[in-house]
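Enquirer: What follows is a structure written as structure tokens; I'll ask about it next.
All of the numbers you see were taken from the coordinates with simple rules; none came from a lab. Small disclaimer: the values here were computed from a predicted structure and weren't measured. Glycine also receives a Cβ, built like all others from the backbone with ideal geometry; neighbour counts cover every protein chain displayed.
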Amino acid sequence: MVIKIGSKRFEVIFQKQACKDHGTESSGRMSDWHQRIWIDTDQRSFNSIESDLWHETIEAIDKVFDLRLSHQTITTLGSGIHQAAQQKTFWKEFYEKYSDNR
């Protein structure tokens, strides 16, 4: 899977032990150099995987646009966006009312 951020395309890799293979104990990792995001799926809930994906996406946005955000800010933004994205009823209603596919 690929996600486009700015002018870059990041390959998103979901796999067991995804980050441990790259020398980290984290459940998510982003490399601007390799343009990849790794998310560990080993014995994790969908909610945790989705949360890490938002966090790593914010990390990529930070690097691509040279925002120089603190890790605390990245974590807070990732958590807030993840929480907002989980409100599926809201987003469904929004797209039904305002998308070009009406």
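Enquirer: Under unit Cβ charges (Lys, Arg +1; Asp, Glu -1), what dipole magnitude, rounded to 20 debye, does the chain have relative to its Cα centre?
Expert: 240
Enquirer: Once both labels are modelled 7 Å past Cα along the beta-carbon direction, what's the VAL64-PHE46 spacing in nm?
Expert: 2.5
Enquirer: Another question, if that's okay. Give me the lysines in straight-line cross-link reach of LYS97: C-alpha distance below 17 Å, same-chain residues under 8 apart excluded.
Expert: Excluding near neighbours in sequence, the set is LYS88.
Enquirer: Let me ask something additional. Give me the aspartates and glutamates in straight-line cross-link reach of LYS92: C-alpha distance below 18 Å, same-chain residues under 8 apart excluded.
Expert: Leaving aside aspartates and glutamates fewer than 8 places away in the same chain, those within reach of LYS92 are ASP100.
Enquirer: Then there's this: Output the relative contact order of the chain, whole-number percent, from Cα pairs under 8 angstrom with separation of 6+ residues.
Expert: In percent, rounded to a whole number, it is 20.
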